[in-house]
Amino acid sequence: MASLLLLPLQASAGGLPTPEQLQQLAPDISLNVLQLAMGAVKCANATLGDKENFLTVIDFSRPSREKRLWVFDLRAMRLVFDEWVTHGKNSGGDVATDFSNQPNSYQTSLGLYRTGETYYGKHGKSLRLAGLEQGINSNSEARGIVIHSASYADPSVIPSLGRLGRSEGCPAVRPAVAQPLIDTLQQGSYVFAYYPSQQWINSSRFLNNDYCPAGRGTQRAAL
């Protein structure tokens, strides 16, 4: 788990940190990814009326061997988790390259989600993800896409596999962190799953300036 050190940052207008401030907390994240993520959050807040306390950013352009999941407390302006996370077995090997919203695709879906209810299943306590983007991740609940614990998500498997293990499309995390991460996110979190897909960025309702002028100037900063 990341340190809960609180940095002396000042919120931007609307009480949200800027992408630059978030990058101070997690320097390994691309500023472009954070610009897209915060643009999506602002759009969701404006159009859905939600104001989640946490933002989870997953950068699927990075290999599974590297940490690529970050959880920010947007109100306290702190980094809470900096973790490894899996992708779907049909999305790629070490690096995910293919994404799908289709049932039984065993691929990861991109886009903006809201965390939902928890339940206890074969992986223990799990957290449902509600996809907010039609045609992109809107089948997440029907597909059973959840955050859950998995031994194959632990970096100890990397020396033998050359990568993390893979899921059926779920963003699984290592067992040691699953419980506290889920307990945190069940309080309310947006989850932003990124990959430099021009098709997704152009079609996303939360990254589209015409649909969501509230975030104008931040969404399409880069791929």
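Values in this text are rule-based calculations from the coordinates and carry no lab data. Quantities reported herein were computed from a predicted structural model and do not represent experimental measurements. Heads up, the Cβs are rebuilt from the backbone with ideal geometry, glycines too, and the neighbour counts pull from every protein chain shown.
General observations
- Pairs of Lys residues in the chain, spaced 8 or more positions apart or belonging to different chains, with C-alpha separations under 27 angstrom: 9 in total.
- Summed side-chain charge close to Leu129 - residues other than Leu129 whose Cβ falls under 10 Å, Lys, Arg +1, Asp, Glu -1: +2
- Gap separating the Cα centres of the stretch 172-213 and the stretch 37-73, nearest whole Å: 4 Å
- Using a 4.7 Å Cβ-Cβ cutoff, the cysteines of the chain lacking any partner cysteine are Cys170.
- Karplus 3J(HN,Hα) series, Hz, for the stretch 138-148 with 6.51 cos²θ - 1.76 cosθ + 1.60 (x for Gly, Pro): 5, 8, 4, 6, 5, 7, x, 7, 9, 8, 8
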